[in-house]
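Undergrad: Please read through the structure below; I'll follow up with questions.
Any read-out appearing in this document is the output of simple, stated calculations on the displayed coordinates, not a laboratory observation. Only a predicted model underlies this, so the values are computations on that prediction, with no experimental measurement involved. FYI the Cβ positions are ideal-geometry reconstructions off the backbone, even for glycines, and counts take in every protein chain you see.
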């Protein structure tokens, strides 16, 4: 391949960074060459473009309820209605409610549904984030990671609203919070790690393969049943639980729910799911950073 | 000795034609391609890869000193835009390297990233950060941007309610206040009305006088001559000429005139990704016959064959006619005459004819620039840019002075004589 020869020429450059201070006048020098900037520079660039990240997330929030009648009430209605439907079909008709244990099934459901919807909405939003902004990709430079990460903003705000509703439900059904609520932020972070891993990977893949667009709804739907949202993980035989906990959402959503309801938390399962999620995140982001320089050419 | 601002050394960019085709590539096709490539390798290991790749830019080297304003000229598809894309880090080069000293601002398109639902105010902040400013920097320049764009009253109106002129003014205003040390500009001045265009040129002149470095791609030879003391001509991905703009522009225009074969028209390769695409452009006479040279007494028609694959809302076209010395003689928007016939043109093949009446343009050589865009297009403003795609020659055979007549118009003025009535004695 011809590009090999050029790569050797680029190596002549002593500094590996794309941005070095020139000896002449302390002006920042940007070096443009075949293999591009180092991964660390690209991550640092993400920090330099933090204002863009914030404004893109704010844009999504502002635009999403434009010309709707109910506006932000949708953020409350969606999980609530889903919860009622699932409660009637799974809880009452199929009798899952009886196998849940102490807590009222609606609260149990909602406590799992809130982080699940965060995952589902964020995965859908991030995976399409690059292709939806193809015009930007082709015409402006910025660290491409900005787009999938900014797409997390709106689902996160929805999650916060859903959480407020959750505490209202707990009061209604007389479920008291315990000290374990303190673990909730950590549990949510473990959910977010998996979300970033999944979203960034899918976003990059969508640029190359539009198939991913069709895969995502299917993937989210399948994972819904492979994640203990409508049922507790204790419904499964002990020796097989690890299998479902390889799903990065399984242990983390159970942990979210345990933290809220004050029920025992399966720390091993949480750890396993988080590890898988973190691996996905590291591999996904590393691949994305390597692949992003080609996005403008193929999107 | 001024310090360098841009150093370009052997910069090259190769596109895999397969990669360009992959706009809608699916997983199945990718696997199929991979298997096919492997099979080919097995059968014919030393296959020449040239027929599958395209060098959009080949071994281009030049230096630009701090404070220089350099024009880049060349045909459409010559590699000018690829050069700017590489320098603005949108895509990586295949070979070679470039070093840019100082903060880079690039303006490849006016209004990239504007969101129609957001207000002018919100879009100023969003677009400013997209172009690389921080929120604090946008805040500092906010008033200047609003002043420049003259949209004060509409600051809190969603930009989807803006007229296209307001939209372009706002978009350019944000970009103009970017104040980078190195500014890369691609043909953005071809938008907006004439007074706004001259305002934009003036702003760029200010930027240049501040000692900033500018690389300016344009088909507007008059603007290049006016703005840039030095120009670089790129043809077929290679650097053809680098020197004083007067010489480079003359050489370039001479070359395009001599290219005869493109002469009175151009045919474009099919690009299925474009919702609207010009397939063929030619200059024809009043009988619809292709005619590279015409008489001032004949109407001149630029006949455009276009395909609509998906209707584009808000689509409009504009055509500019340049004299060979680079002066823009006339600009015509498809909505000038009232309703815009191109807006949401239905799917199918269409012929668009733009006709200059006889006895308007003066004798001499002309070039026609064409562009089609829509601010409502989701892939960016430009829908299809045929660029400078045809030329024609007019000669004046009726008047006594003929081609020696001075001036830019060929209009025949009647000289009426009437008996002057004697003023009554006071």
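Undergrad: Convex hull over the alpha-carbon atoms of chain B: what's its volume per residue in Å³?
TA: 230
Undergrad: How far is helix B:245-258 tilted off the main Cα axis of chain B, in degrees rounded to 10, range 0 to 90?
TA: Once rounded, one gets 80 degrees.
Undergrad: Further question on the same structure: In units of 2.2 N^0.38 Å, what is the alpha-carbon radius of gyration of the range B:351-426?
TA: 1.92
Undergrad: What does the structure give for A:50-62 when I average, per residue, the other chain Cβ atoms found within 10 Å of the residue Cβ?
TA: Details: counts 3, 11, 11, 1, 2, 11, 5, 0, 4, 8, 1, 0, 6.
Counting Cβ atoms of other protein chains within 10 Å of each residue's Cβ and averaging gives 5.
Undergrad: With every atom except the alpha carbons ignored, what do you get for Rg and Dmax of the range A:158-299, in angstroms?
TA: Cα-based Rg and Dmax for the range A:158-299 come out at 17.2, 57 Å.
Undergrad: Send over the semi-axes of the range B:387-426's equivalent ellipsoid, whole angstrom and largest first, taken as the square roots of 5 times the C-alpha gyration tensor eigenvalues.
TA: Values for the range B:387-426, descending: 41, 13, 8 Å.
Undergrad: Right, another one. Semi-axes of the equivalent ellipsoid of the range B:345-388: what are they in whole Å, largest first, if each equals the square root of 5 times a C-alpha gyration tensor eigenvalue?
TA: Calculated on Cα positions only, the semi-axes equal 28, 15, 9 Å.
Undergrad: Here is a follow-up. Please work out the C-alpha center-to-center distance from the range B:342-394 to the range A:105-164 and express it in whole Å.
TA: Distance between centres, Cα-based: 42 Å.
Undergrad: If Rh is defined by the Kirkwood formula over all Cα pairs and Rg also comes from Cα, what ratio Rg/Rh do you get for chain A?
TA: 1.05
Undergrad: The range B:48-175: Rg/Rh from Cα coordinates, Kirkwood Rh? Mind showing how you got there, number by number?
TA: Working: Rg = 18.2 Å, Rh = 17.1 Å.
That ratio is 1.07, to two decimals.
Undergrad: May I ask for log10 I(q)/I(0) of the range B:270-426 at q = 0.10, 0.11, 0.18 Å⁻¹, from a Debye sum over the Cα atoms as equal point scatterers with solvent left out?
TA: -0.45, -0.52, -1.07
Undergrad: Using all alpha carbons of the range B:264-351, what is the percent of pairwise distances in each 10 Å bin, ordered from the shortest bin to the longest?
TA: With a bin width of 10 Å, the distribution comes to 15, 40, 36, 9, 0.
Undergrad: Where Rh is the Kirkwood radius over the Cα pairs of the range A:179-255, the temperature 20 °C and the viscosity 1.002 mPa s, what D in µm²/s does Stokes-Einstein return?
TA: 154
Undergrad: Here's a follow-up. Give the angle, between 0 and 90 degrees and rounded to the nearest 10, that separates the Cα long axis of helix A:39-48 from the longest principal axis of the Cα atoms of chain A.
TA: The helix A:39-48 is inclined about 70 degrees to chain A.
Undergrad: Hey, another quick one. For q = 0.07, 0.11, 0.12 Å⁻¹, what log10 I(q)/I(0) does the protein assembly as shown give under the Debye formula with an equal point scatterer on each alpha carbon and no solvent?
TA: Once normalised to I(0) and log-transformed, intensities are -0.60, -1.23, -1.38.
Undergrad: For the protein assembly as shown, what is the calculated [θ] at 222 nm in deg cm²/dmol (nearest 500), taking -39500 (n - 2.57) for each run of four or more DSSP H residues and dividing by its residue count?
TA: Using -39500 (n - 2.57) per qualifying helix, the result is -13000 deg cm²/dmol.
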